[in-house]
Amino acid sequence: MGFGLFVPEFRSAFEISTSTVGFISSLGFFGFFLGLLVAQTLLRRLGPELPVLSGLIAAVLGMATVAAAPNLTFLALGVFLATSSAGFAWTPFNDAVHRSVEDENRPASLSAVSSGTGIGIAGAGVAALATVFTGLSWRVCWSIFAIAAALVLIGNWAALRSIGKDTEGTWSRGWSDLLPVAAIPLYAVAFAYGTNSAIYIAFAGDQMAEAGGVPGLPAAATPPLVFIFYGLFGLAALGTGRVKAMVGLPMLLRLIMLAGTASCVLVVILPASWVGLILSAGLQGLHVMMTSAILAFWSDRLFPTLPSLSFTAALLATATGSVIGPALAGLASDAFGAEAMFLGTAALPALTAAALLNRFVRERAVDG
């Protein structure tokens, strides 16, 4: 996500085109995809500690590589490593929560895990905003990110040492058990969310800055503001479980998909206003963080004996969309213009919302 936050600076430092921005973003999410697969193997054999710590090591190395990158190749390598960290670290927490938290409390716990991202995004946005008004180099920001990742590495090393691998035999089933008809909506939502969010992260801040930014501030302040509001609104995902209990899962899914649609449309129709920026970034933050929380507890409910494997499957669908989306979006933007690209992106979650009829959305698979 930090790559999208600093796209204007990277454009200036490395002379990269819009299509190249898309390809680097897709490369990063390919690292996320690979991290998910490796983490699942490590988790199965050794428990959650090693994949989480491996992810945080990748985060430290990746962010430090970006901070010191002398050319585009090292920038792309750093983005790849840093983005892979989420693939390593995310699903092991799902496994740990499943084994240590009662069923009725899991949606809130899993929502809290996912919502931590919102704090990081907002903090990164504040750091980027500081560079605009102080003249601090973006390299200093990425050095700070690397130091923060190192501190989190130490904290997780201390916290996870007592959690071993699953010894209850829940690994006897495999990937083929994750393909009932009831799971199709889960994977469709995950793919649409991954595509929409990756494109927004890579291009929205830069597009709004190119449109002139918000009144009263330099255009360079626009991407940081996008990510600050994105992260702050995303903290509402802490209440995802309660909202689901009030309106039901099908309605919540439709609303959150439409939030993703509206956020992209606002980039086109109100790119240079405070209202447009706050609403667009806020709706995308809700879309990303609440969908992340939904995927965590929905996969847990659909496959209660395969909590980590099922969440990995959902995130692989997310990662697939995130790999494909930015690369195609960059090419589409060069060919047809950024406005057409964002409107095309908005169509995917809208179509997904239309397809999510109540009878198709189940919280539990028929075979339990």
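Results for (1) closer than 23 Å to ARG242 by Cα; (2) surrounded by fewer than 18 Cβ atoms within 10 Å (Cβ to Cβ), shown as yes or no for each residue.
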site	(1), (2)
ASN94	yes, no
VAL97	yes, no
ARG106	yes, no
LEU110	yes, no
ILE119	yes, yes
VAL126	no, yes
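Taking each residue of region 323-338 that is in contact (Cβ under 8 Å) with a residue 40 or more places away in the chain and surrounded by fewer than 20 Cβ atoms within 10 Å (Cβ to Cβ) and looking for partners that are in a helix (DSSP H, G or I) and not aromatic (Phe, Trp, Tyr) with beta-carbon atoms closer than 6 Å, six or more apart or interchain, yields LEU331/SER19; ASP334/THR18; ASP334/SER19.
Within region 91-137, how many residues turn out to be among the hydroxyl-bearing types (Ser, Thr, Tyr), more than 20 Å from GLY35 (Cβ to Cβ) and assigned to a helix (DSSP H, G or I)?
Total meeting the criteria: 6.
Do we have any residue at all in region 341-350 that's free of Cβ contacts under 8 Å to residues at least 60 places away in the same chain and touching a helix residue (DSSP H, G or I) at 6+ places or on another chain (Cβ under 7 Å)? The answer is yes, given that some residue of region 341-350 is free of Cβ contacts under 8 Å to residues at least 60 places away in the same chain and touching a helix residue (DSSP H, G or I) at 6+ places or on another chain (Cβ under 7 Å). Given the condition assigned to a helix (DSSP H, G or I), of a type outside the set (A, V, I, L, M) and touching a Pro at 6+ places or on another chain (Cβ under 9 Å), answer yes or no: does some residue in region 272-279 qualify? Within region 272-279, one or more residues are assigned to a helix (DSSP H, G or I), of a type outside the set (A, V, I, L, M) and touching a Pro at 6+ places or on another chain (Cβ under 9 Å). Which one is surrounded by the fewest Cβ atoms within 10 Å (Cβ to Cβ) among residues in region 34-60 that are closer than 17 Å to ALA148 by Cβ and either β-branched (Val, Ile, Thr) or over 21 Å from the mean Cα position of the chain (by Cα) (or both)? Here the residue is ILE57.
Surrounded by fewer than 17 Cβ atoms within 10 Å (Cβ to Cβ) and hydrophobic (A, V, I, L, M, F, W, C), is that true of LEU235? Considered against the rule, which asks whether it is surrounded by fewer than 17 Cβ atoms within 10 Å (Cβ to Cβ) and hydrophobic (A, V, I, L, M, F, W, C), LEU235 comes out as no. Residues in region 278-316 that are in contact with a Leu (Cβ under 6 Å, 6 or more places away or on another chain), surrounded by fewer than 24 Cβ atoms within 10 Å (Cβ to Cβ) and within 20 Å of ILE121 (Cα to Cα): LEU279 only. For region 160-180, the set of residues classified as loosely packed, with under 13 Cβ neighbours inside 10 Å and modelled with pLDDT of 80 or more consists of LEU179 only. For region 314-339, a residue qualifies if it is more than 19 Å from VAL189 (Cβ to Cβ) and among the small types (Gly, Ala, Ser), and the qualifying residues are ALA327, ALA329, GLY330, ALA332, SER333, ALA335, GLY337, ALA338.
In this structure, does VAL66 turn out to be farther than 18 Å from VAL97 by Cα, among the β-branched types (Val, Ile, Thr) and at pLDDT 90 or above? Answer is yes for this residue. Note on region 61-75: residues that are under 18 Å from the mean Cα position of the chain (by Cα) and surrounded by fewer than 24 Cβ atoms within 10 Å (Cβ to Cβ) total 0. The number of residues in region 217-232 that are more than 16 Å from the chain's Cα centre (by Cα) and either buried (at least 24 other Cβ atoms within 10 Å of the Cβ) or in a helix (DSSP H, G or I) (or both) comes to 7. Taken as a whole, region 24-33 holds no residue that is farther than 22 Å from ALA150 by Cα and either outside any helix (DSSP H, G or I) or among the acidic types (Asp, Glu) (or both).
Restricting region 68-87 to residues that are in contact with a Ser or Thr (Cβ under 8 Å, 6 or more places away or on another chain) and not aliphatic (A, V, I, L, M), the residue that is farthest from PHE30 (Cα to Cα) is PHE74.
The values are calculated or read from the model by the stated rules, or taken from the named source; none is laboratory data. In this text the structure is predicted, and so the values were computed from the model without any measurement. Here Cβ is always computed from backbone atoms with ideal geometry, including for glycine, and neighbour counts include all displayed protein chains.
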